[in-house]
Every structure is written in C-alpha cells, then in structure tokens.
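K.L.:
A single structure is presented below for examination.
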Amino acid sequence: GDTPFGYVNVFTSHVNVGFFRGAALPDPARLLQGTGKFMRHVKLRPETATNTAALSRLIETAYSDIKARVENG
C-alpha cells in the first residue's frame with residue numbers, strides 16, 4: 001500500500017534518513033540516533049564515511065517490518 005516506513009530530511013550540513021518505527025529495528029552497527037518512543041534516524045554528513053551496508057540493512061528491515069505490520073494488522 002501507501003504506508004510510509006521512512007523519511008529523508010535535508011539540512012545545510014547533513015541529511016537524516018529516518019524510520020518511523022526505528023526504535024524497534026535491530027541496529028548492530030549502532031547507526032540509529034534519537035531518543036523518541038518510535039522514531040530514529042541516521043545522520044549522514046559529507047565529510048564522514050557511511051556504513052552503506054548497515055544502512056541498506058536498516059532500510060530493508062524497516063520496509064519488511066512495516067509491510068508485516070500492515071499485512072498482519
């Protein structure tokens with residue numbers, strides 16, 4: 001369907017890739033930031049290397065998670 005699972009916010013010095021249910025996602029690489037009850041984000045900066053494999057896993061996991069939530073109620 002049209003259920004969102006993430007977002008991208010662009011700022012002057014960085015970009016946030018966020019997840020609406022990020023607090024529930026496994027994050028062994030410890031990329032997620034934030035203290036909200038549900039939402040978490042990964043902060044990407046041009047001068048900082050990004051663990052793209054770990055970020056890709058977060059995106060895939062967030063998608064799978066929201067898909068299962070929608071399909072199973």
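K.L.:
Would you mention how many residues in segment 35-73 are under 11 Å from the mean Cα position of the chain (by Cα) and of a type in the set (Gly, Ala, Ser)?
P.N.:
So the count comes out to 3.
K.L.:
Sort out for me the strands (runs of 3 or more DSSP E) sitting completely within the chain that have 3 or more residues that are surrounded by 17 or more Cβ atoms within 10 Å (Cβ to Cβ).
P.N.:
15-19, 40-44
Values quoted throughout were computed directly from the atomic coordinates according to the rules given, and no laboratory measurement underlies them. Bear in mind that the values here come from a model prediction, so they are computed numbers and not experimental data. Counting neighbours? That spans all protein chains shown, and the Cβs are built from the backbone with ideal geometry, glycine included.
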